[in-house]
Amino acid sequence: MHMLHVSCVQLAIVLFLLAQTECSGGISAHHPNETGITRCITTESCNRFSDQQVPEFLSSLHNLRYLSLSHSSFNGRIPPQLGNLSNLRYFSIDSNFGETYSTDISWLSRLSSLEYLDMSFVNLSTIVHWVPTVNMLRSLKFLSLSFCELRTSPDSLLHSNLTSLETLEISGNRFNKHVSPNWFWDVTNLKHLGVLACQFHGRFPDQLGSMTSIVVLNLSGNNLVGMIPSNLNNLCNLEELFLSAININGSIAEFFERLPDCSRSKLRTLVLTMSNLTGSLPAKLEPFSNLTWLDLSGNNLTGPVPMWIGELTKLTDLELSSNNLDGIMNENHLSGLVSLERLSLTFNSIAIVVNSTWVPPFSLTDVELSSCILGPEFPMWLRWQTRIFNLDISNTSISDKVPDWFWKISSSVYTLNIRNNQISGLLPSTMEFMAATAMDLSYNQFSGPIPKLPINLTNLDLSRNRLSGPLPADFGAPGLETLFLFDNYISGTIPSLCKFQFLWLVDISGNKLTGSIPDCSFNTSTKNTSLNIVNLSLGNNKLSGKFPSFLQNCQTLVFLDLANNQLSGPLPVWIGEKLPSLAFLRLRSNMFYGHIPVELTKLVNLQYLDLAYNNISGSLPESFVNFKGMVVTRDYHNDDKIPDPFASGMSSGDNEMMDFTDNFNVVTKGQEQLYTGEIIYMVNLDLSCNNIIGQIPEEIGTLVALKNLNLSWNAFSGNIPDKIGALVQVESLDLSHNDLSGEIPNSLSALTSLSHLNLSYNNLSGKVPSGNQLRTLDDQPSIYIGNPGLCGPPLSKSCSQTELVPSAQKDHEDESEKVFFSLAMGIGYVMGIWIVLCIFLFQRKWRAICFSFYDSTYDRIYVQVAVTWASFKFYK
């Protein structure tokens, strides 16, 4: 027999209502929502019941009318003995995502008096005929089987007994069928129908027009298409309508026209988020006088916000974010919204223009105005909003000094986002007394030192400001999880990060920090010495000393950037063992020396390795090609080792406050490029500008996920491996300034993704491969410059047959040609002189002519010299 698995302590909590039967003679008078029940079972009395006795105990309570096992933290199979509680009217049980299950719910049919049934999150995946079982409960008024992993939903019932059913909640199941026909359309007395995210598809059913009793209708998250039907005029009781995340794909004006006129004055909630609504909001519309929640966010709406919005005097929640709305909202739009608490207009081009002396009639708790136009001055109307807990005025064209009143109203704000403006001034000295848990003040003009932080702060972004001075010795935020301070003017040393046990994301790059990175000094009485840092970026500073040893305590480290500092010493061998999760290692432009440790190849997840511009020597380890992360790129969307940056309160709604890869530079294709979120897909191996010797391993072709390979400015020798053509995803390949020899492998022509190639200044010879991909590359023929032995297009040097002989034979032929040329020159010179002498010896006439010419020439030269000399002496 399957038993209900529940501990003794849990039984005391879970079954305190059951004990009321024994202690007070029954609990039929208790209301389902009533919680003030006197406890009658203590932990001591609980010891009398074993797990095997629980079903027997339940079956003895035959007069029980109210049973709630919700929030009891037990799991296991629901005991079928519950079916013996024939007088039960209220039964509620929920589960921790399927830990409670039932393989047979036929026992429910015996609960003939049941009016309220809630089994949400109970695993019913093996139940097929659940609807016929429920259909036997004639008295049932409330039914919730949401998120129960149900798969079947019959088209109809031969005879429906659910004439009393008013509420039906079956959201979150995977029925995967057409929305019509379906059995629940025949339950015409329903007041509340919730079928959220049930994988229904098709057009809106015409049966909606027959649901005359409906008050709350939720069809969100299904694959429904088209405009709502035109026969909704009979839905005169409609108060709440949820149609989010469906594909209406029609005009918002037509949608409003099809809403039933008779329920216009009753409608309280209208949520149409991400429903592909188009067009402009109608300029004139009879107001929904009782509307409290209007959500049209995430659509394709255009044009201005109409004036009738200001007539919704009971509206508490107005959400129009993520559309293409523009124009101006002024006092006429806002002065009538006396009940407004939440205002969300983010990611539009709306300008809020009000008089500086205007005092709003509302008191907002949630303000989301990102990408609207509020500036250039600080919006004065915000100073009257003293109840705000979420404030987002990022990217709102404010270029003003922060007023003192702003810090005062912000003191009670939990999430504050004012990034990407031109706000100047100092951070308040009273910052530590603020209530904030997340603050994003990045991309502004704040200056001065960083004060002590709020004690409850978990996420802070002050990057790209003009902050200066040293970091505070006491940050004052022991629960800090993310810290962004990059691209400021912060000086001094880095305080120890070891006291922040929850810190997982740190970026202090691009500052003026000096000194060594401090080590950890844990309390010996504390067993937990591990740190939770996942991303550590300290690049572009002036840090010195050796590779930071405190990283041995960071076994969850994935991103490490120490580039462009003055760190020195050998790379520690413990990297491969102490940092098993490391995927991105960037150490370029430091003074590290010595060999690449073999232990580094134990980092199977490593997909980004940059050791460029150091003094690394020796050859590549034989196991260098073992980086599995360079063979198959990791899927970080499904990686449970990478924390979700939005799971810790860093975002509110559409407010993306921080990006954990927002500041990562990659040298590829001959230039430095800034990568943001897509850096997690970059696979890079850069060992350039070192003193590495030896051959390039043939097995490098196994790293098929590489997108950038740079081995330039080293002393690599030997041939280029033929298997390098297997790097089918490589986009940039640089082997220049080495001692590579031999021919360029033809396999390079197969690299269809290649857009940058540099083989210059080696000892390569032979014909340049003629593949089509190589012909499309830029910078030809400079790709091959400095290799005098290369020939063929795109080079001007042609490849003759003699030039294709082996180099040793060619050198021998060159020497023979030099000897032959010298011998021919000597023989020609001797022959020329001998011919002239023979002519003069045997031809008397030629001798007379030649000597007569020389005599006359001599006489002319002598007379000219004599006259010139005489003139010179006369004038002297």
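The values are calculated or read from the model by the stated rules, or taken from the named source; none is laboratory data. Because the structure is a prediction, the values reported are computed rather than measured. Cβ sites come from the backbone with ideal geometry, for glycine too, and all protein chains shown count toward neighbours.
Looking at the stretch 741-773, which of its residues are in contact with a strand residue (DSSP E or B) (Cβ under 9 Å, 6 or more places away or on another chain) and over 18 Å from N708 (Cβ atoms)? Those that are in contact with a strand residue (DSSP E or B) (Cβ under 9 Å, 6 or more places away or on another chain) and over 18 Å from N708 (Cβ atoms): S741, G742, E743, I744, P745, N762, N763, L764, S765, G766, K767, V768.
Return yes when L337 is buried (at least 16 other Cβ atoms within 10 Å of the Cβ), hydrophobic (A, V, I, L, M, F, W, C), part of a loop (DSSP other than H, G, I, E, B) and out of contact with any Ser or Thr (no Cβ under 9 Å at 6 or more places or on another chain) and no when it is not.
Numbers: buried (at least 16 other Cβ atoms within 10 Å of the Cβ): yes; hydrophobic (A, V, I, L, M, F, W, C): yes; part of a loop (DSSP other than H, G, I, E, B): yes; out of contact with any Ser or Thr (no Cβ under 9 Å at 6 or more places or on another chain): no.
So L337 does not fit the description; no.
Of all the numbered requirements in (1) under 16 Å from V367 (Cβ atoms); (2) crowded, with 21+ Cβ neighbours inside 10 Å, S442 misses one, and that requirement is (1). Scanning the stretch 229-241 for residues that are surrounded by fewer than 20 Cβ atoms within 10 Å (Cβ to Cβ) and among the hydrophobic types (A, V, I, L, M, F, W, C) yields one hit, C236. Cβ-Cβ contacts under 8 Å between residues 6 or more apart (or on different chains), taken from a first residue in the stretch 89-100 that is within 26 Å of S139 (Cα to Cα) to a second residue that is modelled with pLDDT under 65 and not hydroxyl-bearing (S, T, Y), are listed as Y90/P32; S92/P32; T100/F74. Where residues in the stretch 241-289 are in contact with a helix residue (DSSP H, G or I) (Cβ under 8 Å, 6 or more places away or on another chain) and of a type in the set (V, I, T), which of them is farthest from N223 (Cα to Cα)? The extreme case among them is T278. Within the stretch 183-210, the set of residues being more than 16 Å from V131 (Cβ to Cβ) and either touching a residue at least 60 places away in the same chain (Cβ under 8 Å) or among the aliphatic types (A, V, I, L, M) (or both) comprises L196, A197, L208. In the stretch 551-563 there is no residue matching the filter, namely being at pLDDT below 95, within 22 Å of L453 (Cα to Cα), of a type outside the set (D, E, K, R) and surrounded by fewer than 18 Cβ atoms within 10 Å (Cβ to Cβ). Reported count of residues in the stretch 607-630, each being over 33 Å from the mean Cα position of the chain (by Cα) and either without any contact (Cβ under 8 Å) to a residue 40 or more places away in the chain or part of a loop (DSSP other than H, G, I, E, B) (or both), is 2. Taking first residues from the stretch 142-165 that are under 16 Å from L190 (Cα atoms) and partners that are among the basic types (K, R) and surrounded by fewer than 22 Cβ atoms within 10 Å (Cβ to Cβ), the Cβ contacts under 9 Å between residues at least 6 apart in sequence or on separate chains come to N161/R138; L162/R138; T163/R138; S164/R138; S164/K141; L165/K141.
Every listed requirement among (1) modelled with pLDDT under 80; (2) surrounded by fewer than 20 Cβ atoms within 10 Å (Cβ to Cβ); (3) within 45 Å of the chain's Cα centre (by Cα) is met by R77 save one, (1). For the stretch 149-170: of the residues being at pLDDT 90 or above and of a type in the set (A, V, I, L, M, F, W, C), which is nearest to M136 (Cα to Cα)? Across the stretch 149-170, the extreme among qualifying residues is L162.
Could you please find all residues in the stretch 312-330 being buried (at least 17 other Cβ atoms within 10 Å of the Cβ) and among the charged types (D, E, K, R)? Those that are buried (at least 17 other Cβ atoms within 10 Å of the Cβ) and among the charged types (D, E, K, R): D317, E319. When each of I517, I533 is tested for being crowded, with 23+ Cβ neighbours inside 10 Å, within 27 Å of the chain's Cα centre (by Cα) and either within 20 Å of A563 (Cβ to Cβ) or among the basic types (K, R) (or both), the lone residue that passes is I533. Check whether at least one residue in the stretch 716-729 is closer than 29 Å to V632 by Cα, at pLDDT 95 or above and either loosely packed, with under 14 Cβ neighbours inside 10 Å or in contact with a helix residue (DSSP H, G or I) (Cβ under 9 Å, 6 or more places away or on another chain) (or both), and report yes or no. Yes, the conditions are met somewhere in the stretch 716-729. Is the stretch 118-134 home to any residue that is in contact with a Ser or Thr (Cβ under 9 Å, 6 or more places away or on another chain), farther than 24 Å from C198 by Cα and either part of a loop (DSSP other than H, G, I, E, B) or not aromatic (F, W, Y) (or both)? No, there is no match, as no residue in the stretch 118-134 is in contact with a Ser or Thr (Cβ under 9 Å, 6 or more places away or on another chain), farther than 24 Å from C198 by Cα and either part of a loop (DSSP other than H, G, I, E, B) or not aromatic (F, W, Y) (or both). The set of residues from the stretch 200-210 being at pLDDT 95 or above and buried (at least 17 other Cβ atoms within 10 Å of the Cβ) comprises just one member, F200.
Of the residues in the stretch 267-318, how many are at negative phi, assigned to a strand (DSSP E or B) and of a type outside the set (S, T, Y)? Final tally of qualifying residues: 10.
For the stretch 183-199, filtered to residues that are within 23 Å of R151 (Cβ to Cβ) and touching a helix residue (DSSP H, G or I) at 6+ places or on another chain (Cβ under 8 Å), the residue that is surrounded by the fewest Cβ atoms within 10 Å (Cβ to Cβ) is W183. Exactly one residue out of G576, G649 is touching a strand residue (DSSP E or B) at 6+ places or on another chain (Cβ under 8 Å) and either farther than 26 Å from K707 by Cβ or modelled with pLDDT of 75 or more (or both): that is G649. Of everything in the stretch 407-426 that is touching a Gly at 6+ places or on another chain (Cβ under 9 Å) and under 20 Å from E481 (Cβ atoms), the residue that is surrounded by the most Cβ atoms within 10 Å (Cβ to Cβ) is T415. The strands (runs of 3 or more DSSP E) found entirely in the stretch 740-806 that carry 1 or more residues being within 45 Å of the chain's Cα centre (by Cα) and in contact (Cβ under 8 Å) with a residue 12 or more places away in the chain are 756-758, 763-767. The conditions of being surrounded by fewer than 21 Cβ atoms within 10 Å (Cβ to Cβ) and closer than 22 Å to L196 by Cβ are not met by D104. With the requirement that a residue be of a type in the set (F, W, Y), out of contact with any helix residue (DSSP H, G or I) (no Cβ under 6 Å at 6 or more places or on another chain) and farther than 15 Å from E368 by Cβ, what does the stretch 385-441 give you? Across the stretch 385-441, the qualifying residues are F406, W407, F433.
The condition of being small (G, A, S), surrounded by fewer than 19 Cβ atoms within 10 Å (Cβ to Cβ) and free of Cβ contacts under 8 Å to residues at least 60 places away in the same chain holds for only one of S220, S180, that being S180. Of the residues making up the stretch 446-470, those that are in contact with a Gly (Cβ under 8 Å, 6 or more places away or on another chain) and either β-branched (V, I, T) or surrounded by fewer than 19 Cβ atoms within 10 Å (Cβ to Cβ) (or both) number 11.
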